[in-house]
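The values are calculated or read from the model by the stated rules, or taken from the named source; none is laboratory data. Here the structure is a predicted model, which is why all the values come from computation and not from measurement. Glycine gets a Cβ as well: all are built from the backbone with ideal geometry, and neighbour counts include every protein chain shown.
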Amino acid sequence: MTGNFRFTAKLWRGFTHERKATSDDERIVKEGFAPLLAAGRLGAVLLQFPWSFRFMPENRDYVVRLREQFAEYPLVLEVRHSSWNEVGVLDLLQRQDIGLCNIDQPLFKRSIAPGAVATSTIGYIRLHGRNYKAWFSENKYAGERYDYLYPVHELEPWVDRIKAVAHSTVDTYVVTNNHYLGKGIVNAVEIASILKGEPLAAPPLLVEHYPELREFTVGGESPQPLLFDP
């Protein structure tokens, strides 16, 4: 492992979805993060909450408690409900030194919309795809919710947002979570190529399965890490 490559991690769902994690769970999580932290390779820890986690005093206070529990880590908050657009949320995150995750997701009535916001020195973008049919339904197979390939015209506005976030932060992470059958990697290559303004190397088998990649790649093994979140 060379250069400035860093990992991002997602806090275990016992803290974010069930919210019943114990002190033993905290110890185990920190033991897992320890090697990355010690090596200077932990870029961010994502606090990813479900759509049902709405902005209300008890949930606001819970986020602050997580900051206290995991004070040694660079934290980023991902929320999916539009109630977090309330006045004061950004100020709260800035005071707590918690980054905000800008997400792309299917937009239902109370879904949080795309943005280009930075509330700490860490910028974070996470693209989930736009599989409206499977988003709130019971998945028939693993990953169905994230079975979506972005066409380039849907990525271009995100390239502009990435640039805006990166301009306001020290480190910016772009994670393509539309991971079913490698689609997230395809879109990551396209985004990276657009940002760099040049074609990139990519695994030939990937290009064979997704021929739309040809205008963004030169073939062969990719010389750089591509972020993708299974």
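Quick check on my filter: what residues within region 144-162 are surrounded by 15 or more Cβ atoms within 10 Å (Cβ to Cβ) and either over 14 Å from ALA192 (Cβ atoms) or among the charged types (D, E, K, R) (or both)?
GLU144, ARG145, TYR146, ASP147, TYR148, LEU149, GLU154, ARG161
Which of the residues belonging to region 185-204 are of a type outside the set (A, V, I, L, M) and under 19 Å from LYS163 (Cβ atoms)? Let's see the steps before the verdict.
Initially, region 185-204 is screened for residues of a type outside the set (A, V, I, L, M), giving 187, 190, 193, 196-199, 203-204.
Passing the criteria: ASN187, GLU190, SER193, LYS196, GLY197, GLU198.
Being among the β-branched types (Val, Ile, Thr) and closer than 29 Å to ALA164 by Cβ narrows it down to one of ILE28, ILE103, so name that one.
Numbers: ILE28 fails: closer than 29 Å to ALA164 by Cβ.
After applying the criteria, what remains is ILE103.
Residue by residue through region 10-44, note down the ones that are over 20 Å from the mean Cα position of the chain (by Cα) and surrounded by 15 or more Cβ atoms within 10 Å (Cβ to Cβ).
Correct list: ALA21, GLU26.
Picking from GLU18, GLU58, which residue would you name as being out of contact with any helix residue (DSSP H, G or I) (no Cβ under 7 Å at 6 or more places or on another chain), in a loop (DSSP other than H, G, I, E, B), free of Cβ contacts under 8 Å to residues at least 12 places away in the same chain and more than 19 Å from SER120 (Cβ to Cβ)? Talk me through it step by step, then tell me what you get.
Numbers: GLU58 fails: in a loop (DSSP other than H, G, I, E, B).
Every option except GLU18 fails the conditions.
Condition first: surrounded by 17 or more Cβ atoms within 10 Å (Cβ to Cβ) and not hydrophobic (A, V, I, L, M, F, W, C). Now tell me which residues in region 70-83 satisfy that.
As a first pass, look at region 70-83 and keep what is surrounded by 17 or more Cβ atoms within 10 Å (Cβ to Cβ): 70, 73-82.
If the condition is that a residue be surrounded by 17 or more Cβ atoms within 10 Å (Cβ to Cβ) and not hydrophobic (A, V, I, L, M, F, W, C), then TYR73, PRO74, GLU78, ARG80, HIS81, SER82 are the ones that fit.
For the structure I just gave you, tell me whether LYS163 is out of contact with any Phe, Trp or Tyr (no Cβ under 6 Å at 6 or more places or on another chain) and farther than 24 Å from PHE216 by Cα.
Numbers: out of contact with any Phe, Trp or Tyr (no Cβ under 6 Å at 6 or more places or on another chain): yes; farther than 24 Å from PHE216 by Cα: no.
Criteria not met by LYS163.
For LYS140, are the conditions met, namely being of a type in the set (Lys, Arg), part of a loop (DSSP other than H, G, I, E, B) and either over 22 Å from SER83 (Cα atoms) or modelled with pLDDT of 95 or more (or both)? First the steps, then the outcome.
Values: of a type in the set (Lys, Arg): yes; part of a loop (DSSP other than H, G, I, E, B): yes; either over 22 Å from SER83 (Cα atoms) or modelled with pLDDT of 95 or more (or both): yes.
Answer is yes for this residue.
Can you pull out every residue in region 169-192 that is free of Cβ contacts under 8 Å to residues at least 40 places away in the same chain, within 27 Å of ILE98 (Cα to Cα) and not aliphatic (A, V, I, L, M)?
none
When region 143-162 is examined, which residues are found to be in a loop (DSSP other than H, G, I, E, B) and in contact (Cβ under 8 Å) with a residue 12 or more places away in the chain?
Initial filter on region 143-162 (in a loop (DSSP other than H, G, I, E, B)): 143, 147-151.
The answer is GLY143, ASP147, TYR148, LEU149, TYR150.
Residues to consider are VAL29, VAL63; find the one that is out of contact with any Gly (no Cβ under 6 Å at 6 or more places or on another chain), in a helix (DSSP H, G or I) and under 24 Å from SER111 (Cβ atoms).
Just a single option satisfies the conditions, and that option is VAL63.
What are the residues in region 21-52 that are more than 23 Å from ILE122 (Cα to Cα) and small (Gly, Ala, Ser), if any?
Within region 21-52, ALA21, SER23, SER52 qualify.
Would you point out the residue of region 84-129, among those that are small (Gly, Ala, Ser) and assigned to a strand (DSSP E or B), that is surrounded by the fewest Cβ atoms within 10 Å (Cβ to Cβ)? Give the derivation first.
Residues of region 84-129 small (Gly, Ala, Ser): 88, 99, 111, 113, 115-116, 118, 120, 123, 129.
If we keep only those that are assigned to a strand (DSSP E or B) as well, we get 99, 111, 123.
Numbers: GLY99: 29, SER111: 14, GLY123: 28.
My answer is SER111.
Filtering region 163-188 down to residues that are assigned to a helix (DSSP H, G or I) and in contact with a strand residue (DSSP E or B) (Cβ under 6 Å, 6 or more places away or on another chain), which residue is surrounded by the fewest Cβ atoms within 10 Å (Cβ to Cβ)?
ALA166
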